[in-house]
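Worksheet for the structure shown next.
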Amino acid sequence: MTDYKPAIWMPVPLDNVFTDSWGYTRKWLVLHKTAGGSSAQGVAAYFQAGADGNRTSVHYVVGQDGVVVQCVAEKDGAGGNCCLETGHDPFWPTDINLNLVTFSIENVDPALDNSTPMPEAQKAALFALIVDLCVRQHIPMRPADANGGIAGHSSIAPLTRKRCPGNFPWDDLWTFLDQKNKELQMGVPQNWNDDGTTLTAPNGHKVVQGFRDYILSHNWDANNYPLEEEHAQSPLEISNPALGAGVQQMFRWTSLEWTAQQGVFVSWIGQELLALRAQVAQLTVDIAALKQQQGATLPKAWHDALVPLKPLIEQL
């Protein structure tokens, strides 16, 4: 099953991925060109076969016709961004396999030197994929630096991959992403503050990561401010135990929730409230029954000792 809805799922063997990225957080997106091949499906089949013997893989391949193929689940690290070479950009960490902290996208270019101008269909598909991936995975939509962002493969390997991605529409990409960033910023609710990573409500509570992205992109009412910080919750919902554990943040009118399977979503607060009311009603009945049981079984000596105190208690 793909993480990006328009994509075709053509997974590589599990031996060719870093499962769960070994627990690391991805901060960068690395863009490539294929230097050969004619279709996204063909390149994906090449990765599936392991024809180069190096267990190479990428998360996505974008064809010149705009077809998108996913080869590696986003939760896992792919095998396309190794290794640092002399002259690499200085912000890259040098003490870790970069495949554990990056996502990677290949773009089909039949020219061996990656010199083919990118067709409009491919460019449109790639740019849409980049925005979707970056928003969901919290990758800064700007040129890469030590805090994350987007770079070409040549940034990592300027000797052997100096033409990767080669002829690439960088200016068009940055213009497109600047506009998308402005659109997200336009979604800041009135009197809230956003510094690019943290959205702060007037009451001081903060909204970050996926919950922040959701608010910025969904015309959020300024009066629906958070009542708490986000936190792990298990079970996530009393009324829907099948959701399992997740992350939750309560707001005045609703709550935002996240699971690995569903991403960020708005909870069905009415359904949850009714389930909680039913629980409270049952607990009230149970407590009353326990009190009655305790009164019925109270030792006689205790009962006799308390009788003289009854008038005093009633005056309190």
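Only the coordinates and a few stated rules stand behind these numbers; no lab work does. Note that the structure is a prediction, hence the values are computed from the model and not measured. Cβ sites come from the backbone with ideal geometry, for glycine too, and all protein chains shown count toward neighbours.
By the Cβ distance rule of under 4.7 Å, the chain has these cysteines without a partner: Cys71, Cys134, Cys164.
Taken about its Cα centre, the chain carries a charge dipole of roughly 400 debye when the Cβ of each Lys and Arg holds +1 and the Cβ of each Asp and Glu holds -1.
With 26 Å as the limit, write out which pairs from Lys182/Lys206; Lys33/Lys182; Lys5/Lys206 have Cα-Cα distances beyond it, or answer none. Too far apart for the 26 Å limit: Lys33/Lys182; Lys5/Lys206.
What does a probe at Asp145 reach in the stretch 93-117, counting residues whose amide N is under 17 Å from the point 7 Å along Cα→Cβ? The answer is 93, whose backbone nitrogens lie closer than 17 Å to the label point.
Placing dummy labels 7 Å off each Cα toward the beta-carbon, the span from Ala281 to Lys162 is 7.6 nm.
Compared with the dominant principal axis of the Cα atoms in the chain, helix 269-296 is inclined by about 30°.
What is the helix-to-structure angle for 40-49, meaning the angle in degrees between its Cα long axis and the longest Cα principal axis of the chain, kept from 0 to 90 and rounded to the nearest 10? Taking Cα atoms only, the helix is inclined about 80 degrees. For the pair the stretch 244-277 / the stretch 114-129, the C-alpha centres are spaced 38 Å from each other.
In the distance distribution for the stretch 193-267, Cα-Cα pairs more than 15 Å apart total 51 percent. On C-alpha positions alone, give me the angle between the axis of helix 120-137 and the longest principal axis of the chain, in degrees, nearest 10. That helix lies at roughly 30 degrees to the long axis. Taking the chain as a Gaussian network of alpha-carbon nodes connected by springs under 10 Å, the highest mean-square fluctuation of the residues Pro140, Pro93, Pro189 belongs to Pro93.
For the stretch 61-122, the Kirkwood radius over C-alpha pairs fed into Stokes-Einstein at 20 °C and 1.002 mPa s yields D = 156 µm² per second. Between Thr19 and Trp253, the simple spin-label model (points 7 angstrom out along Cα→Cβ) gives 4.4 nm.
Considering the values (1) 63, 59, 33; (2) 99, 45, 36; (3) 54, 43, 39, which represents Cα extents along the principal axes in Å as calculated for the structure under consideration? Matching entry in (1) 63, 59, 33; (2) 99, 45, 36; (3) 54, 43, 39: (2). Taking every DSSP bridge with both residues inside the chain, close to 60 percent are antiparallel. Only Cα pairs within less than 10 Å get springs; with that Gaussian network setup on the chain, which residue of Val280, Val247, Val68 has the largest fluctuation? Residue with maximal mean-square fluctuation among Val280, Val247, Val68: Val280. Based on DSSP H segments of at least four residues, each scored -39500 (n - 2.57), the chain has a per-residue ellipticity at 222 nm of -9500 deg cm²/dmol.
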